[in-house]
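Report on the following structure.
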Amino acid sequence: MPFKDVFTTFPKLETERFVLRELHSDDAKEYYSYFSDDEVTKYWGYPGPKNMETASKTFTRFQNAFTRKEMITWGIAAKEDDQIIGTCILNDFVRASMVNLSYNLSRDYWGKGIMTEVLKTIIPFAFHELDMNRIQAKVMPENNASVKLLSKLGFVQEGLLRDFIFGEFITDTLIFSMLKKDLIERHYESIQ
């Protein structure tokens, strides 16, 4: 499928336990609830929303960026109740060949394999539906959970960007990547 065609309708994806879907104003309460937790935003680079109105405006920015083919932001919703517990973002597409990956999750759901499950669906989508050749993720070195997650999924740590601008911070930043050929070698279960 050509890159531009993916952006005609928001791509809804499913994992065993979750639906990855577009965020709507009804999700603002859950999004605000977990994203106003300082532990969740500690390694994000930006503060969380100040209130539910700000959260709702953030969703509008996500939708506008999708329309411009600049970003896809999935809300991670549990199948049992459709409540948002996190997000996963693909953005900064470069010549329809490279994309940045970022993600966050409510602290209540840490350590349950959720992001591994979600990314095992989003990564093949990026390579096969968006036809990306490279996915990269930037992580603060002290974010041990993300370093471990990316390594487990097969991302390669390429190096350290010293005093890199990470959102609103200037901090050392690790850069990880996965290439399409790496995914084929790993044979993710979600590859069709």
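The values are calculated or read from the model by the stated rules, or taken from the named source; none is laboratory data. All values reported here derive from a predicted model rather than from experimental measurement. Glycine also receives a Cβ, built like all others from the backbone with ideal geometry; neighbour counts cover every protein chain displayed. For the accessible areas, the whole protein counts, side chains as well, though only heavy atoms, and no ligand, DNA or RNA atoms are used. Shrake-Rupley method; radii C 1.70, N 1.55, O 1.52, S 1.80 Å.
Miscellaneous remarks
- Only helical runs count toward this figure. For the chain, summing -39,500 (n - 2.57) over DSSP H runs of n ≥ 4 and dividing by all residues gives -8500 deg cm²/dmol at 222 nm.
- Sparse-neighbour loop sites [trypsin sites (Lys or Arg not before Pro); the stretch 82-138; at most 12 other C-beta within 10 Å; DSSP]: ARG95, LYS112
- FRET efficiency, 1/(1 + (r/R0)^6) with R0 22 Å, evaluated for THR9 and GLU80 via beta carbons: 0.30
- Equivalent ellipsoid semi-axes, the stretch 38-96, via Cα gyration tensor eigenvalues times 5, rooted, Å: 20, 16, 13
- Residues with amide H under 5 Å from that of MET132, placed H, sequence gap 5 or more: PHE127
- Per-q log10 I(q)/I(0), the stretch 75-192, q = 0.14 Å⁻¹ (Debye; single scatterer per alpha-carbon; no solvent): -0.61
- Solvent-accessible area per residue in the stretch 32-104 equals 50 Å², computed with a 1.4 angstrom probe and all protein chains kept.
- Entries in LYS79/LYS112; LYS69/LYS152; LYS4/LYS138; LYS120/LYS180; LYS152/LYS180 that, when Cα-Cα distance is taken, lie over 18 Å: LYS69/LYS152; LYS4/LYS138
- Overall dimensions of the stretch 1-114, expressed as equivalent-ellipsoid semi-axes from the Cα gyration tensor (√(5λ), whole Å, largest first), are 23, 16, 14.
- Neighbour count of at most 12 Cβ within 10 Å plus DSSP loop: longest GluC sites (Glu not before Pro)-free window in the chain: 17-79
- With every protein chain in place, the stretch 1-130: carbon and sulfur % of accessible area (1.4 Å): 47 percent
- Debye, to nearest 20: dipole size of the stretch 62-166, +1 on Lys, Arg Cβ, -1 on Asp, Glu Cβ: 260 debye
- Full extension of the chain between ASN133 and GLU168 gives 9.8 nm of extra length, using 0.36 nm per residue less the Cα-Cα distance.
- The chymotrypsin sites (Phe, Trp or Tyr not before Pro) found in the stretch 45-141 that occupy coil by DSSP, while having at most 14 further C-beta atoms within 10 Å, are TRP110.
- Computed on the chain, with alpha-carbon pairs under 8 angstrom and 6+ residues apart, the relative contact order is 19 percent.
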